[in-house]
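The structure appears below as structure tokens.
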Amino acid sequence: MTKTALITGITGQDGSYLAELLLAKGYRVIGVVRRSSTTPYERIAHLVDRIELVSADLLDQTSLTDVVQAAAPDEIYNLAAQSFVQTSWNQPVLTGEFTALGVTRMLEALRKAAPKARFYQASSSEQFGKVVETPQSESTPFYPRSPYGVAKVYGHWITVNYRESFGLYAVSGILFNHESPRRGLEFVTRKISDGVARIKLGLQQDLRLGNLDARRDWGFAGDYVDAMWRMLQQDTPDDYVIGTGETFSVREFCDAAFSAVGLDYRKYVVQDERFFRPAEVDLLVADPSKAREQLGWTPQVSFAQLVTMMVEADLARYKRPRS
């Protein structure tokens, strides 16, 4: 019998990789999109004829409940959010509406319209923020350092609350940074890979970045959506930290990216105070042992492979003939 999955945020990086994974497993995939005068479906353009798209909005409870009722999904993946940390400082209230209260609205839709469905909530390593222990595991206390991180903490705990209060199969995946050629250009990793490609092709002279010493646990988004799926296949719902267990600085990312095209990053990278956060998160590194032991999940793409993949994709994009 074919399973049905409902994905919010299907037009994003994770949504597009998850849709590919579920289609390969034989799922019927329904994507929730916001009604818009434009159709920003670039990441799922190759999938549009194989998935169903329906309109709803995380700010509108009725639309979410109606969509869940009509879809009758076996699994719901709530990936939609205002997902850029820097923007959360400029739009903290909107970030709270989408990234925090939007989770409650999805859980209410689940509870009322499909209480037997399994629910995945996209939690974030930014919840750990000013870390109180390293590495960070499922038992590490949260100490968020941005409106985005605070909103994600709310989304995480409201998911736990609904699971324990209403007996729902609801889990949170606390995913550390995961990147790909489909990452938005506003994120530092993609800003770097895009900048490297432009500099290599003579389209740009330098690359301006913020804190080069911030350290992150970076993995490949395609690996991480597999962990999401595995979480919903377990006998009992639980929360999991997903990451590589390795940490690299932004500086090291720059070094690897420029080295991929035979350049020295020190000649091109300029630190610019405009790109520093009001409250910095200095070090995030996962302890993914629970996911490894209980889900059988391990990352397949290394840091070096990820950086090279992203740089090569951006080079190819600029070399492609413009239509």
Rg/Rh for the range 191-301, where both radii come from Cα atoms and Rh is the Kirkwood radius: 1.08
About the Cα centre, and with charges only on the beta carbon of Lys, Arg (+1) and Asp, Glu (-1), how big is the dipole of the chain? Nearest 20 debye, please. 780 debye
Express the carbon and sulfur contribution to the solvent-accessible surface of the range 190-280 as a percent, rounded to the nearest whole number, probe 1.4 angstrom. 42 percent
The local net charge around S55, scoring Lys/Arg +1 and Asp/Glu -1 for residues other than S55 whose Cβ lies under 11 Å from its Cβ, equals -1
Taking 305-311, 208-214, 55-61 and ranking on average Cβ neighbours within 10 Å, highest first, one gets 305-311, 55-61, 208-214
Length gained when the stretch E273-V54 is fully extended (0.36 nm per residue, less Cα-Cα span): 74.7 nm
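In the chain, what percentage of the DSSP-assigned beta bridges are antiparallel, given to the nearest 5? Mind dumping the intermediate values first?
Values: 2 of 36 bridges.
Within the chain, antiparallel bridges account for around 5 percent of the total.
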Any idea which of Y162, A221, P147 is furthest toward the positive side of the dipole for the chain, if Lys and Arg beta-carbons carry +1 and Asp and Glu beta-carbons -1? A221
Would you mind computing, in nm to one decimal, how far apart the modelled labels at V261 and E312 are, each placed 7 Å from Cα along Cα→Cβ? 1.5 nm
What is the spin-label model distance, in nm, from R320 to K130 if the labels are put 7 Å beyond Cα along the C-beta direction? 4.4 nm
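So, counting K/R as plus one and D/E as minus one, what does the shell of residues with Cβ under 15 Å around E108 add up to? Intermediate values should be presented prior to the final figure.
Working: positive: R105, R111, K112, R163; negative: D57, D60, D66, E97.
Its environment carries a net charge of 0.
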Can you give the convex hull volume of the alpha carbon atoms of the range 1-153 per residue, in Å³? 131 Å³
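What is the ratio of the Cα radius of gyration of the range 36-95 to 2.2 N^0.38 Å, where N is its residue count, to two decimals?
Details: Rg = 14.1 Å, N = 60, 2.2 N^0.38 = 10.4 Å.
Cα Rg divided by the expected 2.2 N^0.38 Å: 1.36.
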Return the long-range amide H neighbours of V301 (sequence gap of 5 or more, or a different chain), with a cut-off of under 5 Å between placed amide H atoms. F220
Dipole of the chain [Lys/Arg +1, Asp/Glu -1 at C-beta], most positive-end residue of M1, Y318, N211: Y318
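So, counting K/R as plus one and D/E as minus one, what does the shell of residues with Cβ under 10 Å around W229 add up to?
Numbers: positive: K25, R230; negative: E75, D226.
Result for the local shell: 0.
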If you take the C-alpha gyration tensor of the range 126-232, multiply each eigenvalue by 5 and take the square root, what semi-axes do you get, largest first, in whole Å? 33, 17, 12
Per residue of the chain, what 222 nm ellipticity follows from adding -39500 (n - 2.57) for every DSSP H run with n ≥ 4, rounded to the nearest 500? -11000 deg cm²/dmol
Reduced to Cα centres, the span from the range 144-209 to the range 285-314 in Å works out to 15 Å
Mind listing the Cα extents of the range 1-76 along all three principal axes, in Å, largest one first? 31, 28, 19
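Taking the range 65-179, how much of its Cα-Cα pair set, in percent, is spaced more than 24 angstrom apart? Mind dumping the intermediate values first?
Numbers: 1699 of 6555 pairs.
Tail of the P(r) past 24 Å holds 26 percent of the pairs.
The values are calculated or read from the model by the stated rules, or taken from the named source; none is laboratory data. Owing to the predicted nature of the structure, the values given are computational and were not obtained by experimental measurement. Neighbour counts run over all protein chains shown; Cβ positions are idealised from the backbone, glycine included. Heads up: the accessible areas ignore ligands, DNA and RNA and are worked out on the full protein's heavy atoms, side chains in. Shrake-Rupley method; radii C 1.70, N 1.55, O 1.52, S 1.80 Å.
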